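What follows is a short report on a single structure.
Values quoted throughout were computed directly from the atomic coordinates according to the rules given, and no laboratory measurement underlies them. Bear in mind the structure is a predicted one, so any value in this text is a computation, not a measurement. Positions of Cβ are backbone-derived with ideal geometry, glycine not excepted, and every protein chain shown enters the neighbour counts.
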Amino acid sequence: MGKTVIKEDMFPEIISHYNTGGRKAAYALLRERYGILHPAGVVRRIKKDGRYGYDEVKDRFEDYPACGESGKGLFLGIEELCALSPAAPAPGPAAGKHAGLEKLVQELLGDRLLLLSRYITLDSSTRTMMVDQSSLLADGYTVELL
């Protein structure tokens, strides 16, 4: 008996069995119809293929048809673009402001920690904090112990 090759045009049928009956149904199809001894390798190959997305949470394959298939292309036509309603706000300035503000806060905190690292040293092995009080006083800071 010759080696059975699972071609890419067989993927939709295997995916259909996988999505309807689960992994065991797809494995049974591959074993019974095609004589595949290790069907997990075929399923792994389908997962790596760029045309089908695998959702691990749902344990299902999602079909991404190529251009020219199913009447819809990968890109929108000019008619479809003009027909889109402008009611949906574009995700622009609001999300950008929040991200920019978050980045600014992180930079300011980083600068403040860098400044404090000149005066304070933490030793986690001995659980001690060493403060260079003379440098703090020389730079105009006051030291208070609580």
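Where does each of Ile46, Ile120, Ile6 land when they are ranked from fewest to most other beta-carbon atoms within 10 angstrom?
Working: Ile46 21, Ile120 13, Ile6 16.
Ordered from fewest to most neighbouring Cβ atoms within 10 Å, Ile46, Ile120, Ile6 come out as Ile120, Ile6, Ile46.
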Note down the nm distance, to one decimal, between modelled labels 7 Å out along Cα→Cβ at Leu116 and at Leu76. 4.8 nm
The long-range amide H neighbours of Tyr54, using H built 1.01 Å from N in the peptide plane and a cut-off of under 5 Å, are Glu62
Met130 versus Arg44, label points 7 Å from Cα toward the beta carbon: distance in nm? 5.3 nm
If we count other beta carbons within 10 Å of each Cβ, what is the order of Arg112, Arg127, Arg31, fewest first? Arg127, Arg112, Arg31
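Under unit Cβ charges (Lys, Arg +1; Asp, Glu -1), what dipole magnitude, rounded to 20 debye, does the range 8-70 have relative to its Cα centre? Don't jump to the answer; show the numbers that get you there.
Working: 11 positive and 11 negative charges, 73 e Å.
That gives the range 8-70 a dipole magnitude of about 340 debye.
Taking a ≥ b ≥ c as the square roots of the eigenvalues of the Cα gyration tensor of the range 94-138, is the shape rounded (a/c under 1.5), prolate (a/b larger than b/c) or oblate? Write out the running numbers ahead of the final one.
On the way: a/c = 6.79, a/b = 2.26, b/c = 3.01.
Oblate is the answer for the range 94-138, as a/c is 1.5 or above yet b/c matches or exceeds a/b.
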